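J.: The structure that follows is given in the form of C-alpha cells.
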Amino acid sequence: MTITRLAALGHEEPPLLALAQRLLAVAESGLPSMLLPGGEAFAFTMAGRQRPDGSWTLERRGTSTRYAAITALGVRFLPEDRQRAALGGRTAQEFTGLLIESLPAVTNLGDAALIAWAAAETEHPKLSDALAQVDTLDQEGRPQYTVEAAWVLSALAAARNTVDVERRFTTARDRLLRARIGDSPLFPHATGPGLLPWYRAHVSCFADQTYPLQALARAHASGDGDPEALAAAEACAARICALQGDGGQWWWHYDARTGGVVEGYPVYSVHQHAMAPTALFDLTDAGGSDFGASVRKGLRWMTDVPELAEHPAKQEPLILDELGATWRKVFRGDPKKAVRAARGLGTRVAPSLRLKSLDRVYPPVSVDRECRPYEFGWMLHAWQGGRI
C-alpha cells in the first residue's frame, strides 16, 4: 500500500501536517501574483516593501526562466483547474510549451535542462526539441556547475522512457559520480576544475548536495536499477542529515573534501520546506532510506526559528499567509558575505578552522524579506508529488 507524502506526515506528526497544508495554500495563493503581465513568464523575485503602517507589500522584480520551469515542475501535480489558476490560465504542459518556444534564446545549461525536465514530466510533444538545446549547450568534456549537471541528469532520467537518451544519460550520470573529491560523500560546486578560483574550489553549497542526490536517485529509479548511483545519493543524504542543526537547520556551505560544514548561514526557507524534502523524498521513493525524521525536523524550523527566538526584538513570522509569501532566509547581515569568505579561505588552509568569534560579531538575526517562485515550485513538488 502506498500513501501520499502529506498523509505520511499526518501519521508521523499531525501538527506538521497543518503546517505543510498552510504552506501549500500560501504557495498556491502567491504564485499568480508572481506571473509577469501576460502570464507568460515569472518574476525573478518578489521583494518586500514595508508600508507606513508596518504592513508589507510585494513588488515583482526581474524575470527568471529557470524559476518558471521549476514552478511548472511543481504545479503539474495539482488538478487542472488549480494548475490554470497558478499559471495564468494554462496547464503545466501548456506553460512548459511557452518555455520550449523560448529555448532558441536560452544560453544557460541549467535553464535548458529544467525546461527539458518539465517537458518530460508533462509529456510535452516537443520534448525532443528541448533535449536538443540541452545537448547543444552541454559541451562534452567541459566542466559544469554541479547543480546544472544534476538538472541535466534529472531531465534525461525523466525522458528515458520516451526518447533514446542512453548515451547522454550515461555521460551525465558518470560526470556527477566522478565529481566527488576522494572519499567524501558530498559534491563540489563544479564537476571539474576551471570554473572556480583555487581558494574556494573546496566550498560547495546545499543545492550542490540536494540536486545531485535527487538526480542520482531518479537515475536509479528510471531504468533497471543503478546501485552505484543509489549508494552515492544515500551517502550524500546521510551526511547532510548528520550535519543538520539542532533546530532543524539545513546548512548552506560545506567542505566538499572533508564532508564538514564551512559556514551554516544563511538558513533558507526553501531548503527547509521544499528542497530538502523533495530530494530526500525522491531518494526514498527510489528505494533509499527513509529520512523523514530529518525532513520533519527541518520543516519545524519554519515556525520555530531558534535564531530569532534568542533575540525577542528580532522575532517576526517567516510565513505571511495573507501576502502569499514566505520570507527567503535568516542571515548574518555581514557586509559582502564576509563570514563565508573568511571561513572559506580559512578552511582552504586548515579544514577544521572555525573562526568562532565571527558568530558573536555577526549573529544570524537578519531576515531577507523576499520570496521567489521556485520556492513554491519545489514546495508543490515535495509535498504533492510522489508516494512513500
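J.: Any idea how many Lys pairs in the chain come in under 18 angstrom at the alpha carbon, given 8 or more places apart or on separate chains?
T.: Numbers: Lys297/Lys329; Lys314/Lys329; Lys329/Lys337; Lys337/Lys356.
Lysine pairs satisfying the spacing and distance rule in the chain number 4.
J.: Moving on to the next point. Any idea of Tyr67's accessible area? Nearest 10 Å², probe 1.4 Å.
T.: The accessible area comes out at roughly 20 Å².
J.: All other residues with a Cβ under 9 Å from the Cβ of Ala47 taken together, and with Lys, Arg as +1 and Asp, Glu as -1, what is their net charge?
T.: Numbers: positive: Arg49, Arg60, Arg61, Arg369; negative: Glu59, Glu370.
Here the charged neighbours net out to +2.
J.: Taking 8 Å as the Cα distance limit and 6 or more residues as the minimum spacing, I'd like the relative contact order of the chain as a percentage.
T.: Values: 726 pairs, mean separation 80.6, N = 388.
Result for the chain is 21 percent.
J.: Here's a follow-up. I'd like the accessible area for Arg76: 1.4 Å probe, protein heavy atoms, all chains in place, Å² to the nearest 10.
T.: Rounded to the nearest 10, that gives 50 Å².
J.: How are the alpha carbon pair distances in the chain distributed across 20 Å bins from zero to the largest one, expressed in percent?
T.: Going out from 0 Å in 20 Å bins, the chain shows 29, 62, 10 percent.
J.: Name the GluC sites (Glu not before Pro) in region 259-329 that are in a loop by DSSP and that have at most 13 other C-beta atoms within 10 Å, would you? Intermediate values should be presented prior to the final figure.
T.: On the way: sites: Glu263, Glu307, Glu310, Glu322; in loops: Glu310, Glu322.
Of the GluC sites (Glu not before Pro), the ones in loops of region 259-329 whose Cβ has at most 13 other Cβ atoms within 10 Å are Glu310, Glu322.
J.: As an exercise, take the mean of 1/r over every pair of distinct alpha carbons in region 112-199, invert it, and state the Kirkwood radius in angstroms.
T.: On the way: mean 1/r = 0.0743 Å⁻¹.
In region 112-199 this quantity evaluates to 13.5 Å.
J.: With every protein chain left in place, what is the accessible area per residue of region 139-293 in square angstrom, probe 1.4 Å? Each step should come with its number before you reach the end.
T.: Working: 5370 Å² over 155 residues.
Accessible area per residue: 35 Å².
J.: Using bins 10 angstrom wide from zero, how does P(r) for region 162-266 break down, in % of all Cα pairs?
T.: 15, 46, 29, 10, 1
J.: Round to a whole number: what % of the accessible area of region 16-159 belongs to carbon and sulfur, probe 1.4 Å?
T.: Details: 2730 of 5800 Å².
For region 16-159, the apolar C and S fraction of the accessible surface comes to 47 percent.
J.: Could you work out which residue, out of Asp111, Asp81, Asp282, moves most in a Gaussian network model of the chain, that is, has the largest mean-square fluctuation with Cα springs under 10 Å?
T.: Result for the chain, Cα springs under 10 Å: Asp81 fluctuates most.
The values are calculated or read from the model by the stated rules, or taken from the named source; none is laboratory data. All of these numbers come straight from a predicted model, not from anything done at the bench. Ideal geometry is used to build each Cβ from the backbone, glycine not excepted, and the neighbour counts take in all protein chains shown. The accessibility values were calculated without ligands, DNA or RNA, using every heavy atom of the protein model including side chains. Shrake-Rupley method; radii C 1.70, N 1.55, O 1.52, S 1.80 Å.
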